[in-house]
Amino acid sequence: MLSTEQIDHFLSLNLGEQVSRIRDASETSIGFAVDPGRLSRSVLARHAAEHVLRIRRFRQLDAAATKLIEQHHPEIATPWSRYARSEAVHDRYFLRDLEAMGIAREHVEQLQPFQATEALISYIRHAIGEFGPLPVVVYSFWAEKNSDEGSAPIIARGRSLFGDDAVRGASAHRALDENLNHAEAVTEVLAVLIDSPDKLLAAVEILGGITKFIGLYFDELGEFENARLQ
Ligand SMILES: [Fe+2]
């Protein structure tokens, strides 16, 4: 069995490679990954709204993973469900930020997620059928690593465009990731789930699938901005 450190090292390297392939694919992805100064108010606001919609849609997937982990890996059920439960209610943080940006909750409630988000959700749902809880935890790994790497400059950009109040939720979310060591907690769960070379290969494949849908999401966010400007 691989240690948590080995899993972290291997998957982080792989994730870095995968993400480098989508980084320069669009103006929006360059903005998020490299140069947040390019991100407009409307892109940041729509991105925060997408967090709300995605977090809510993931609740079902988290619950499915929790059930399977409780059945098959009770030794990690407590840390996993503690993590999943806390993430599942963080839509509130982003709703408050949106309110401070001048976007009412009623407006967010009427939005539909981008197609890429729906596609990501159904990809993970199908992958649960094939691999059990692994895809959900790999998604969490993706999200936590991404938070470690990229969220500080995005929050700073939001603060400069909208003011402090509009990034309070995002900052609190980021602080939780850091203080509770979310990336490490998720990797520890992965180290138990990845108990064979096949599972390791599956994790890599799933990281690639997730990265593809995140790339498509940035494309769509870019199209949303272009349509707004025309
Ligand atoms: Fe987190």
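The values are calculated or read from the model by the stated rules, or taken from the named source; none is laboratory data. Bear in mind that the values here come from a model prediction, so they are computed numbers and not experimental data. So basically every Cβ, Gly included, is an ideal-geometry build from the backbone, and we count neighbours across all protein chains shown.
Quick notes on this structure:
- Test: residue in the range 115-134 that is on the phi < 0 side of the Ramachandran plot, within 16 Å of the ligand (Cβ to nearest atom) and part of a helix (DSSP H, G or I): no
- Test: residue in the range 114-122 that is over 15 Å from the mean Cα position of the chain (by Cα) and surrounded by 21 or more Cβ atoms within 10 Å (Cβ to Cβ): no
- When Leu53, Leu68 are checked against the criterion of being at pLDDT 95 or above, out of contact with any Gly (no Cβ under 6 Å at 6 or more places or on another chain) and not acidic (Asp, Glu), a single residue qualifies: Leu53.
- For Gly16, the conditions (1) surrounded by 15 or more Cβ atoms within 10 Å (Cβ to Cβ); (2) part of a helix (DSSP H, G or I); (3) at pLDDT below 95 all hold with the exception of (1).
- Extreme residue, nearest to Val192 (Cα to Cα), among residues of the range 73-88 that are crowded, with 19+ Cβ neighbours inside 10 Å and at pLDDT 95 or above: Ile76
- Complete set of residues in the range 56-108 that are farther than 23 Å from Ser171 by Cα, away from the ligand (no atom under 16 Å from the Cβ) and of a type in the set (A, V, I, L, M): Ala63, Ala64, Leu68, Ile69, Ile76, Ala77
- Residues (within 12 Å of the ligand (Cβ to nearest atom), part of a helix (DSSP H, G or I) and not aliphatic (A, V, I, L, M)) located in the range 150-199: Ser151, His173, Arg174, Asp177, Glu178, Asn179, His182, Glu184
Here's the yes/no breakdown for (1) in a helix (DSSP H, G or I); (2) surrounded by 19 or more Cβ atoms within 10 Å (Cβ to Cβ); (3) hydrophobic (A, V, I, L, M, F, W, C):
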| site | (1), (2), (3) |
| --- | --- |
| Val52 | yes, yes, yes |
| Gln60 | yes, no, no |
| Ala64 | yes, no, yes |
| Gln71 | yes, no, no |
